[in-house]
Amino acid sequence: MEKQNLIITIGRQYGSGGAEVGKKLGQRMGLDVYDKEILKMTSDESGIRESYFHLADERAGKKLLYKIVQSLIPENTSPSTGSDLVSADNLFRFQSEVIRKLAAEESCVIMGRCADYVLEGAEGLVRVFLYADMEYREKRISALGYYEPKDIRKNIKRIDRERRDYHRYYTGRDWENVENYDLMLNTASLGTEGAMESIRAYLRIKGYEL
């Protein structure tokens, strides 16, 4: 019997430490972790410049003002190669195809990008969501030096809103709804190491070989 791939998707509030948890989990379990790399892979797959994907990345419904290729009208389930090639909706379809191919080919960790929805129903799928209180997230983002102190909370709220809108736009679901996930973890309580170990403990309970 063919071994089933284990696919761990991680949704995360901005500043909750999701990238760190995903990286630690991948290192501990020997799994590839896909985040921004998916944009590069999707660009290679579709022939669309990567910068267009970054412009559309996790922002709901924004149409990009570029027309790269005019071709055949695609089937409803396929990415378009026509005049809407670089629309945000079409970029999402290309990205989703890459995610499905990754899941079919190897066990891995996938960060964000509605992967929990794109892979819904797949065997071996474990959907995780990470959250934390605002004070904890402000401290983490402050340490990274991305924003002026007075702008940190504003930008956390902005990026959370963009992720929430992106998820709702493409899935029709509430991003933070517990029903969308198998495991929800508070990184402010657990820390990133504790969150990573909690995911591994859950996988052991579910009978996955670590």
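The values are calculated or read from the model by the stated rules, or taken from the named source; none is laboratory data. Just so you know, these numbers come straight off a predicted model, no measurement behind them. Positions of Cβ are generated from backbone atoms using ideal geometry, with glycine treated the same way; all protein chains shown enter the neighbour counts. Each accessible area value is taken on the protein alone, full model and side chains, heavy atoms only, with ligands, DNA and RNA left out. Shrake-Rupley method; radii C 1.70, N 1.55, O 1.52, S 1.80 Å.
Worth pointing out:
- A residue that is crowded, with 20+ Cβ neighbours inside 10 Å, within 20 Å of LEU203 (Cβ to Cβ) and either modelled with pLDDT under 90 or under 11 Å from the mean Cα position of the chain (by Cα) (or both) occurs somewhere in the stretch 116-123.
- Any chance GLU148 is surrounded by fewer than 16 Cβ atoms within 10 Å (Cβ to Cβ), over 25 Å from ASP89 (Cα atoms) and modelled with pLDDT under 95: yes
- In the set (1) in contact with a strand residue (DSSP E or B) (Cβ under 9 Å, 6 or more places away or on another chain); (2) modelled with pLDDT under 80; (3) among the hydroxyl-bearing types (Ser, Thr, Tyr), the condition left unmet by TYR34 is number (2).
- Single match in SER142, SER96, SER198, SER189 (criterion: without any contact (Cβ under 8 Å) to a residue 60 or more places away in the chain and touching a Cys at 6+ places or on another chain (Cβ under 9 Å)): SER96
- Residues being small (Gly, Ala, Ser) and either closer than 13 Å to LEU125 by Cβ or modelled with pLDDT under 95 (or both) - total across the stretch 196-210: 1
- Criterion: open to solvent by less than 40 Å² (accessible area, probe 1.4 Å) and of a type outside the set (S, T, N, Q) - qualifying residue of ASP182, ASP160, ASP165, ASP133: ASP160
- Residue check, ASN177 without any contact (Cβ under 8 Å) to a residue 12 or more places away in the chain and buried (at least 21 other Cβ atoms within 10 Å of the Cβ): no
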